[in-house]
Structures are given as structure tokens and as C-alpha cells.
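Read-outs: derived from the displayed coordinates by stated rules, not from any lab. If you're wondering where the values come from, they're calculated on a predicted model, not measured in any experiment. FYI the Cβ positions are ideal-geometry reconstructions off the backbone, even for glycines, and counts take in every protein chain you see.
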Amino acid sequence: MESQQGQVKVTQNDGVAVVEFEDRKILEEISIAQIGETLSDVVQSVPNVKIVLSFRNVEHLSSAALGMLINLRNQVQKVSGKLMLSNIRPQIYEVFKITQLYKLFEIHDTAAQAIHQMSAGDSTED
């Protein structure tokens, strides 16, 4: 299942909602609010939701976007879900390090690695 809502594309992969940002820059308050609403809908759509956010296309994030990610993390925790980030470019990861956000989020090199890690955590069967 795949749906595209504004600035994000959501696909389902092995029970995990993979969210890919379409824009290279996530800077404007209005688009950040829309992304936040879309992601909130994803969180509310499934009990114990599992979400991987892929930043593969993203080159710039604003501080408001970081705030939206923290809010999303809190929402996911409230429903006993899992949230992982992937494909973060070095210059954006540097912001995560400076702000200490890398300690709040589990970050993987690729979405595939994050999906595998999330799926591996659910069962020991292959």
C-alpha cells in the first residue's frame, strides 16, 4: 500500500510504515505543520505503529522540523509504537549531534536496515 500526501510518501513494508520525505528542504512552517498532521494520522492508524522516516531526499531541516520530529516521537511512545530514522545526510546528522537529538532517535544508514531491525525485534522467526 502506498499513499502520497503532500510532502511525504507513505508505503507499507513488512508491517512498517515507511515515510519518505519528498522535499529537499523542510523549512516552511506550513509544510512542517502539514507533515506533522500526516505523520500523526499514520501514528493513529495502527495500534503499536512502527514507522521508519527516510530522509533520503532531504538536504535541509529547520529547527521547527526538529520540533515536529520530537512531537512525533512522543506520539509514537504514547501508543507503544516504534520510530526509527534513516538515510540522514552527514550535514543533517551533525545538527542531530549538536542538539543531542541523536540520543533520542534510533538512526540507521538505510530504511532497509531500519525495517529489518524493527522486524527482527518482533519475532525470532525468519
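Things worth noting here:
- The residue list Val43, Ile115, Leu69 was ranked by how far each Cα lies along the charge dipole of the chain toward its positive end, using unit charges on Cβ atoms, and Leu69 comes out on top.
- Within the chain, helix-based [θ] at 222 nm, where runs of 4 or more DSSP H residues each add -39,500 (n - 2.57), nearest 500: -13500 deg cm²/dmol
- Projecting the Cα atoms of Ile30, Ile92, Val18 onto the dipole axis of region 2-122, where Lys and Arg carry +1 and Asp and Glu carry -1 at the beta carbon, places Ile92 farthest toward the positive end.
- Between Val79, Val18, Val43, the GNM of the chain built on Cα springs shorter than 10 angstrom shows Val79 fluctuating the most.
- For Lys50, the lysines whose Cα falls under 21 Å of its own Cα, not counting residues fewer than eight places away in the same chain, are Lys9, Lys78, Lys82, Lys103.
- Taken about its Cα centre, the chain carries a charge dipole of roughly 380 debye when the Cβ of each Lys and Arg holds +1 and the Cβ of each Asp and Glu holds -1.
- Residue list for region 62-93, given a label point 7 angstrom along the Cα-to-Cβ vector of Asp23 and an amide N cut-off under 16 Å: 62-69
- Using C-alpha pairs under 8 Å with a sequence gap of at least 6, the mean separation divided by the residue count of region 2-122 gives a relative contact order of 25 percent.
- Among Leu104, Leu69, Leu61, residue whose mean-square fluctuation peaks in a GNM of the chain (springs only between Cα atoms under 10 Å): Leu104
- If both residues of a DSSP beta bridge must be in the chain, then about 40% of such bridges are antiparallel.
- Dividing the Cα radius of gyration of the chain by its Kirkwood radius returns 0.93 for Rg/Rh.
- Taking a sphere under 13 Å around the Cβ of Arg24 and counting the other residues whose Cβ falls inside, with K and R at +1 and D and E at -1, yields a net charge of -2.
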